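Take a look at the structure set out below.
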Amino acid sequence: MMNCRKPSKLMSEEMDHDLSGGRRWSLRLHLLICLGCRNYRRQLSFLRQACRHEVAVDDTPPPAPPPN
Amino acid sequence: MAGFQREMLRFAVLQLRDQASAEDAVQEAMLAALQGADRFAERAKLKTWVFSILRNKIVDIIRRRVREPSYQAPETEIDDADFDPLFSANGHWHSDSRPADWGDPEKSFENQRFWAIFDGCLNRLPAATARVFMMREMLGLETDEICTELAMSSNNCWVVLHRARMGLRMCLDQQWFNAGEQTR
């Protein structure tokens with residue numbers, strides 16, 4: 001059974017790339033039983049939202065940049 | 001477009017930690033944007049576009065800084081042991097550091113004081129760690145791109161991002177969500 005230290009790293013990694021099957025499952029299992037880590041996870045996505053809030057970062061490709 | 005200037009400057013200063021280069025980047029981005037501004041009837045689209053130009057300028061400046069001899073590798077700035085106090089010996093959260101429910105944190109977006117604290121917390125992160133985090137979250141780069149720009153392994157990149165998030169959430173927790181600030 002995972003403690004919380006390892007999941008805290010996995011939850012961060014999950015925001016940057018897909019976790020392999022085994023690591024994803026052990027994280028899922030841990031989250032089922034750990035409220036602290038579920039809160040941590042929501043807080044990480046809040047950090048992302050806050051960073052992107054004011055700067056209009058979105059997924060639509062911008063028009064071609066002007067010549068430099 | 002002048003309306004965005006303050007936001008652009010905040011964005012650039014946070015990432016470059018240097019007022020003069022931030023002002024240069026904003027000015028260059030505005031000049032470049034002016035050439036095509038009349039194509040944008042909608043303010044929101046214009047803003048997205050101007051920020052995308054500014055992002056490219058910031059990446060250029062970071063690219064130059066990485067080549068300077070004073071450049072410090074981000075993976076050396078924070079040690080995982082710095083987080084030891086948060087966890088008990090068996091690796092579970094200590095009861096007083098266990099992440100609590102932040103309620104409806106998006107409400108804070110409307111509050112100017114929240115943004116001052118948010119910026120303060122970003123500034124408290126070590127410079128190179130903060131740079132990796134902001135390249136990911138504010139410039140919107142993928143980790144592969146960051147690794148290439150900063151000549152880091154993917155694994156080091158993930159480790160640094162993890163430490164940055166850990167530090168930033170802890171700072172916001174102490175300075176804002178648990179400080180009773182937001183209800184004042």
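The values are calculated or read from the model by the stated rules, or taken from the named source; none is laboratory data. Because the structure is predicted, anything quoted here is derived from the model rather than measured. Glycine also receives a Cβ, built like all others from the backbone with ideal geometry; neighbour counts cover every protein chain displayed. Remember, those area values only see protein heavy atoms, side chains included, never the ligands or the DNA or RNA. Shrake-Rupley method; radii C 1.70, N 1.55, O 1.52, S 1.80 Å.
Taking the criterion of being at pLDDT 95 or above, open to solvent by 60 Å² or more (accessible area, probe 1.4 Å), within 15 Å of B:Arg165 (Cα to Cα) and of a type in the set (Lys, Arg), would at least one residue in region A:39-56 satisfy it?
yes
Can we say B:Asp80 is closer than 23 Å to B:Arg17 by Cα, within 11 Å of chain A (Cβ to nearest Cβ), in contact (Cβ under 8 Å) with a residue 40 or more places away in the chain and acidic (Asp, Glu)?
The answer is no for B:Asp80.
Check region B:118-138 and report whether any residue there is within 13 Å of chain A (Cβ to nearest Cβ), aromatic (Phe, Trp, Tyr), assigned to a helix (DSSP H, G or I) and open to solvent by less than 60 Å² (accessible area, probe 1.4 Å).
Yes, that holds for at least one residue.
Assuming B:Ser153 fulfils every condition listed in (1) among the hydroxyl-bearing types (Ser, Thr, Tyr); (2) open to solvent by 30 Å² or more (accessible area, probe 1.4 Å); (3) touching a His at 6+ places or on another chain (Cβ under 7 Å) apart from one, which condition is it?
Every condition holds for B:Ser153 apart from (3).
In region A:4-15, is there at least one residue being among the acidic types (Asp, Glu), under 24 Å from B:Arg136 (Cα atoms) and surrounded by 14 or more Cβ atoms within 10 Å (Cβ to Cβ)?
Checking region A:4-15: at least one residue is among the acidic types (Asp, Glu), under 24 Å from B:Arg136 (Cα atoms) and surrounded by 14 or more Cβ atoms within 10 Å (Cβ to Cβ).
Does region B:177-184 contain any residue that is in contact with a Phe, Trp or Tyr (Cβ under 6 Å, 6 or more places away or on another chain), over 29 Å from B:Thr48 (Cα atoms) and buried (at least 21 other Cβ atoms within 10 Å of the Cβ)?
yes
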